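Let me begin by presenting the structure, written as structure tokens, before commenting on it.
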Amino acid sequence: MARQARAEDESAFAEIVRRYSPRVFSVAHRFFRQRSLVEDAAQEVFLKAFSQLESYEGRGSMEGWLTRIATNTCLNILRASKRRPELTSGDLTEDQNRWLDEQLSSTASELHRSAEHKMVAADLAERLLGTLSPEDRLALTLIDGEDATVSEVAEITGWSESKVKVRAFRARKKAREAMEKLLGAGRRRLGLDSSGAH
Amino acid sequence: MREMHIIEILEKGPLASLTESEVGAINSHAETCTECRQAYEAAQISALLIRERATETMEPSPFFQTRVLAAWREQQAGDNVPAFWRLWKTAGALFASMAVTTAALAVFSFVAPGSETPDAGVAVSPYSEEAVVLGQNQGDDQLDYEQVLSAIYADDEVK
């Protein structure tokens, strides 16, 4: 199929897009939540892949090859945007603050994991991940979010295993510190003392 | 257990990978150390959020393939146009604005009315504004500085 696509066969290219769109979308979705941004990134991935088809020598799967292109493309897009604002309690919506307050008040339970709560949590996660560098965000998402191993992340990204560990360590630290600040503001809002009591 | 050791345990790997003994050590330490308890709480919530975010999925819309193919065709068409023609098309607006600017400058330079010159036959006082501007107050009858002062003081004495 790659050979046919190299010969600029539109139908072959269309088949590549059809077959691997879900995979490319799932990679792009690690970096972006808005559908328009995910689609823009995915489109750029396929156009880039087509222009680089000659570099695909058939070693490894096409899915793995496209995953690497998608990962690097999304990292480049995020690096170009350079927006990593510090997250404060004032930046959060009411729903997000309420979600955090529930965590502090220990009222959250499996019964509260409605679709709406999960969406609020995912929104809040996106805000939190947005404070990290693109590379740190990727390492944390893959290892802590998707249970990927260090060697799997190294293969996807082309980084050394040491670099993966350092990035994940740094990302966890930054995410925890950002969350501590938000929870501190939440405690003050709820009138809780440092032990969590009123 | 030292405070920093607790923090290091929290950050060395995903919380889900902590052993039972590590979790036990953290919990027992957190009972007596507020800072570590808050750090552990923050790490747990942060891990929960990241996991929630990772479980979200997004499927391509039915129109995505159409969109990509359209972009691909446009890119192919662009690659087939000679580079000079592409440059010409993009530079067209620049050339047009330069031509308009040049035409406007030419109109203002050659078509605008010229200024009037004074009639040579009109008598002009040597000390009038016109005389000064036209440089016509040079001559043998021009008073020097001392003569002007004398004239002024002579007027004062008469008064």
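Couple of notes before you dig in:
- Cα centroid of the range B:16-82 to Cα centroid of the range A:52-78, whole Å: 20
- Averaged over the residues of A:40-50, the number of partner chain Cβ atoms lying within 10 Å of the residue Cβ comes to 3.
- Here the range A:2-80 is treated as an ellipsoid with the same Cα gyration tensor; its semi-axes, largest first and in whole Å, are 22, 13, 11.
- Peptide B:57-65 is shielded by partner chain Cβ atoms: per residue, an average of 6 of them sit within 10 Å of its Cβ.
- For the range B:102-109, backbone phi angles converted through the Karplus equation (6.51, -1.76, 1.60; θ = phi - 60°) give residue-by-residue couplings of 5, 5, 5, 5, 5, 4, 5, 7 Hz, Gly and Pro being listed as x.
- Charged side chains reduced to their Cβ positions (Lys and Arg at +1, Asp and Glu at -1) give the range B:1-63 a dipole of some 40 debye around its Cα centre.
- For the range A:89-190, the Cβ-based charge dipole about the Cα centre amounts to some 540 debye (Lys, Arg positive; Asp, Glu negative; other atoms uncharged).
- Dimensions in Å of the range A:89-190 - Rg and Dmax from alpha carbons: 15.4, 46
- Value of relative contact order over the range A:2-80, rounded to a whole percent, pairs C-alpha under 8 Å and six or more apart: 36
- Projecting label points 7 angstrom from Cα along Cα→Cβ for B:Thr90 and A:Asp95 puts them 4.3 nm apart.
- Within 10 Å of each Cβ in A:142-149, the average number of Cβ atoms from other chains: 5
Rule-based calculations on the coordinates, nothing more; no lab input. Since this is a predicted model, take the numbers as computed values, not measurements. With ideal geometry, Cβ positions are generated from the backbone for all residues, glycine too; neighbour counts draw on all protein chains shown.
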